[in-house]
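Chemist: Have a look at this one.
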Amino acid sequence: MRTRNGARRSKAQWVGVAALAAALWLWVWSARPPEAPEPARAAPKASAPEAPPSARRAASAAAASTRAPEEDPAPLIDEIEVEKPEVCAGEENLITVRAHTTNGTDEYLHSVIGTRAGSRVPLRIWPDMDGSYEMPTISVFGRNNVVRQIEVPRYKVNDCKPERIVVITHRLLPSTPGDYELTAQIVDVGVKDEPDARPFKPASYAWVFDDGGSEKTKAPFVTHSYERRPQTALVSEFLVRVEVKSEAGEKLAGRALLQIPNMMFQDLAERGIVTIGATPTPRFPKQDGDGVVRQAFRLWHHRDAPVRIDTVTAVRHYAGASDASPRENASLGVVEIPPGQGVDVEVRLDTVREPDVFTITYFVEGETAEGNAARGTFSLMKPPPAPTKESSIPVTEPVFLAKIKRARELLAQEFVTDEDIWRLEREGKMADLDVSPPRAKAP
């Protein structure tokens with residue numbers, strides 16, 4: 001079912017919808033505006049010396065930040081597509097919104113359907129006890145968050161329930177610019193009203209990530225990287241799908257829209273700055289036996305041509321001190337960052353020679369072939385000290401002790417975290433351990 005709309009206004013009352021929150025990325029450069037360069041003296045064009053890279057970068061960023069703001073009209077909603085004319089209560093119905101702007105700023109379009117962000121949302125409606133229900137509101141935002149609103153075209157929600165539904169949740173993994181963990185949860189809905197219903201025992205999960213990638217897992221979760229997505233618009237959208245197959249051959253399917261803000265697009269479009277990303281390996285730093293913390297970072301960007309590195313500076317932060325060291329020149333051993341996968345660099349912190357330093361932050365500055373400023377930042381952090389008997393609370397619960405032992409054996413690690421144990425539990429590696437609460441001792 002499709003509904004076409006011109007510039008007509010929604011009959012729904014205005015509802016406040018917050019703009020997208022900026023994603024917290026390890027490599028995002030500070031929004032502090034650069035100092036404006038001093039005006040150059042007039043000179044003949046033929047003999048005028050080329051401005052230094054720092055001056056050109058500052059001029060480019062200053063010009064981008066001082067552009068006069070434009071008054072943007074609200075977007076126009078062209079079409080609303082409803083996947084099914086009728087569904088059961090709680091059943092997915094994909095709502096797709098297509099819109100455009102009248103001033104050529106479509107790259108800023110982003111939508112919210114009901115309480116879900118995105119222009120393609122698998123909508124679920126749960127009627128009230130009396131069977132009534134209201135259609136959610138669609139809000140389409142343009143540049144500067146000007147908005148156009150309209151109700152979802154009405155479709156029929158019948159008095160029935162699917163036996164089970166699949167709900168997909170996601171989270172951004174710490175210390176990554178775009179690695180997401182996706183989890184599929186099977187929720188019994190109509191089965192609750194049928195005590196003799198056959199149980200659904202999952203055997204496999206087939207994932208489709210909507211970026212050309214797919215994967216099959218035995219566990220109900222998977223990790224996928226969207227780091228290299230094109231950042232040519234304010235947000236990127238991916239309609240993630242999963243098909244769950246049971247041991248008996250039955251199938252269930254679920255969908256979820258993942259909407260990711262694109263900070264690299266904003267930096268270039270609004271500040272004239274090309275952001276240099278930094279991806280750490282491993283995700284969390286480790287200290288070797290010699291007291292040296294080593295970590296590799298892959299520097300990359302989204303431009304089609306190499307980015308030249310002009311300066312690298314570093315700032316040291318000290319434990320127990322409110323002030324950091326002044327910026328000092330540093331070297332990463334590279335002069336340019338090629339397009340595509342980028343280039344790997346390694347940094348280190350000698351905790352024996354510098355015991356009071358807990359973080360070194362690197363600032364990378366350069367220029368693109370088009371003359372845009374290029375900037376990035378990343379930090380090498382001293383990991384926390386290893387736990388000891390004196391600094392830890394002893395674990396006495398037998399089941400938890402067994403899980404810790406199992407995790408240490410499987411991961412070949414002396415120390416394991418709650419996240420390690422949680423992941424192994426979801427993979428079924430702890431299923432044979434007794435998870436029942438311990439029995440109270442007889443008096």
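The values are calculated or read from the model by the stated rules, or taken from the named source; none is laboratory data. Note that this is a predicted model, so its numbers are computed, not measured. FYI the Cβ positions are ideal-geometry reconstructions off the backbone, even for glycines, and counts take in every protein chain you see. Side chains are part of the model used for accessible areas, which takes the heavy atoms of the whole protein and leaves out ligands, DNA and RNA. Shrake-Rupley method; radii C 1.70, N 1.55, O 1.52, S 1.80 Å.
Chemist: Condition first: more than 17 Å from Lys286 (Cβ to Cβ), modelled with pLDDT under 85 and open to solvent by less than 100 Å² (accessible area, probe 1.4 Å). Now tell me which residues in region 404-423 satisfy that. Show your work before the answer.
Modeler: Kept after step one, since they are more than 17 Å from Lys286 (Cβ to Cβ), are these residues of region 404-423: 404-407, 409-410, 418, 421-423.
Now drop any that are not modelled with pLDDT under 85, which leaves 418, 422-423.
Passing the criteria: only Arg423.
Chemist: Just checking, does region 203-213 include any residue being open to solvent by 20 Å² or more (accessible area, probe 1.4 Å), out of contact with any Asp or Glu (no Cβ under 7 Å at 6 or more places or on another chain) and at pLDDT below 90?
Modeler: No: zero hits.
Chemist: Quick one: is Glu227 loosely packed, with under 13 Cβ neighbours inside 10 Å and not hydrophobic (A, V, I, L, M, F, W, C)?
Modeler: Values: loosely packed, with under 13 Cβ neighbours inside 10 Å: no; not hydrophobic (A, V, I, L, M, F, W, C): yes.
Criteria not met by Glu227.
Chemist: Considering only region 180-199, I want to know if a residue exists there that is more than 18 Å from Lys245 (Cβ to Cβ), open to solvent by less than 60 Å² (accessible area, probe 1.4 Å) and in a helix (DSSP H, G or I).
Modeler: The answer is yes; a qualifying residue exists.
Chemist: Name the pairs: first residue in region 236-251 and in a loop (DSSP other than H, G, I, E, B), second residue among the β-branched types (Val, Ile, Thr) and open to solvent by less than 10 Å² (accessible area, probe 1.4 Å), Cβ to Cβ under 9 Å, at least 6 apart or on different chains?
Modeler: Glu250/Val244
Chemist: While we're looking at this one, here's another question. Only one of (1) surrounded by 16 or more Cβ atoms within 10 Å (Cβ to Cβ); (2) assigned to a strand (DSSP E or B) fails for Leu268. Which number is that?
Modeler: The single condition Leu268 does not satisfy is (2).
Chemist: Kindly indicate whether Gln259 is crowded, with 18+ Cβ neighbours inside 10 Å, within 16 Å of Arg348 (Cα to Cα) and touching a strand residue (DSSP E or B) at 6+ places or on another chain (Cβ under 9 Å). Steps first, please.
Modeler: Values: crowded, with 18+ Cβ neighbours inside 10 Å: yes; within 16 Å of Arg348 (Cα to Cα): no; touching a strand residue (DSSP E or B) at 6+ places or on another chain (Cβ under 9 Å): yes.
So Gln259 does not fit the description; no.
Chemist: Go through region 320-364 and give me each residue that's open to solvent by less than 80 Å² (accessible area, probe 1.4 Å), more than 25 Å from the chain's Cα centre (by Cα) and on the phi > 0 side of the Ramachandran plot.
Modeler: Correct list: Gly333 only.
Chemist: Report yes if some residue within region 147-163 is among the hydroxyl-bearing types (Ser, Thr, Tyr), touching a residue at least 40 places away in the same chain (Cβ under 8 Å), under 21 Å from Glu91 (Cβ atoms) and in a strand (DSSP E or B); otherwise report no. Even if it seems obvious, please write down each step before you answer.
Modeler: Narrowing region 147-163 to residues among the hydroxyl-bearing types (Ser, Thr, Tyr): 155.
Then drop every residue that is not touching a residue at least 40 places away in the same chain (Cβ under 8 Å), which leaves 155.
Now narrow it down to the ones that are under 21 Å from Glu91 (Cβ atoms): 155.
Within this subset, residues satisfying the condition of being in a strand (DSSP E or B) are none.
No, region 147-163 contains no residue that is among the hydroxyl-bearing types (Ser, Thr, Tyr), touching a residue at least 40 places away in the same chain (Cβ under 8 Å), under 21 Å from Glu91 (Cβ atoms) and in a strand (DSSP E or B).
Chemist: Run Thr176 past the list (1) under 24 Å from the mean Cα position of the chain (by Cα); (2) not in a loop (DSSP other than H, G, I, E, B) and report the number of the one that doesn't hold.
Modeler: Just one mismatch for Thr176, condition (2).
Chemist: Of all residues in region 105-124, which are over 16 Å from Ile77 (Cβ atoms) and open to solvent by 60 Å² or more (accessible area, probe 1.4 Å)?
Modeler: Residues of region 105-124 over 16 Å from Ile77 (Cβ atoms): 107, 115-117, 122-124.
Matches in region 105-124: Glu107, Thr115, Arg116, Arg124.
Chemist: What number of residues within region 371-399 satisfy the criterion of being farther than 20 Å from Gly291 by Cα and either in contact (Cβ under 8 Å) with a residue 24 or more places away in the chain or of a type in the set (A, V, I, L, M, F, W, C) (or both)?
Modeler: Count: 13.
Chemist: Further question on the same structure: Can you say whether Arg423 is outside any loop (DSSP other than H, G, I, E, B) and basic (Lys, Arg), as far as the supplied structure shows?
Modeler: Values: outside any loop (DSSP other than H, G, I, E, B): yes; basic (Lys, Arg): yes.
The answer is yes for Arg423.
Chemist: Of the conditions (1) more than 22 Å from the chain's Cα centre (by Cα); (2) surrounded by 15 or more Cβ atoms within 10 Å (Cβ to Cβ); (3) at pLDDT 95 or above, Thr311 clears all except one; give me its number.
Modeler: The single condition Thr311 does not satisfy is (2).
Chemist: Let me ask another. Pull up region 240-256, narrow it to residues that are more than 30 Å from Arg303 (Cβ to Cβ) and of a type in the set (A, V, I, L, M), then point me to the one that is surrounded by the most Cβ atoms within 10 Å (Cβ to Cβ). Before you say what the answer is, go through the steps one by one.
Modeler: At the first step, the residues of region 240-256 found to be more than 30 Å from Arg303 (Cβ to Cβ) are 241-256.
Among the residues that remain, those that are also of a type in the set (A, V, I, L, M) are: 242, 244, 248, 252-253, 256.
Values: Val242: 24, Val244: 21, Ala248: 10, Leu252: 18, Ala253: 13, Ala256: 21.
Per the criteria, the residue is Val242.
Chemist: Give just the number: which of (1) free of Cβ contacts under 8 Å to residues at least 40 places away in the same chain; (2) within 30 Å of Val222 (Cα to Cα); (3) of a type in the set (S, T, N, Q); (4) surrounded by fewer than 16 Cβ atoms within 10 Å (Cβ to Cβ) does Thr169 not satisfy?
Modeler: Looking at each condition in turn, Thr169 falls short on (1).
Chemist: Could you count how many residues in region 219-235 are of a type outside the set (Lys, Arg) and assigned to a loop (DSSP other than H, G, I, E, B)? Spell out how you get there, then give the answer.
Modeler: Kept after step one, since they are of a type outside the set (Lys, Arg), are these residues of region 219-235: 219-227, 230-235.
Filter once more, keeping what is assigned to a loop (DSSP other than H, G, I, E, B): 219-220, 226-227, 230-234.
So the answer is 9.
Chemist: Among residues belonging to region 76-98 that are in a strand (DSSP E or B) and charged (D, E, K, R), point out the one that is nearest to Ala117 (Cα to Cα).
Modeler: Going through the qualifying residues, I end up with Arg98.
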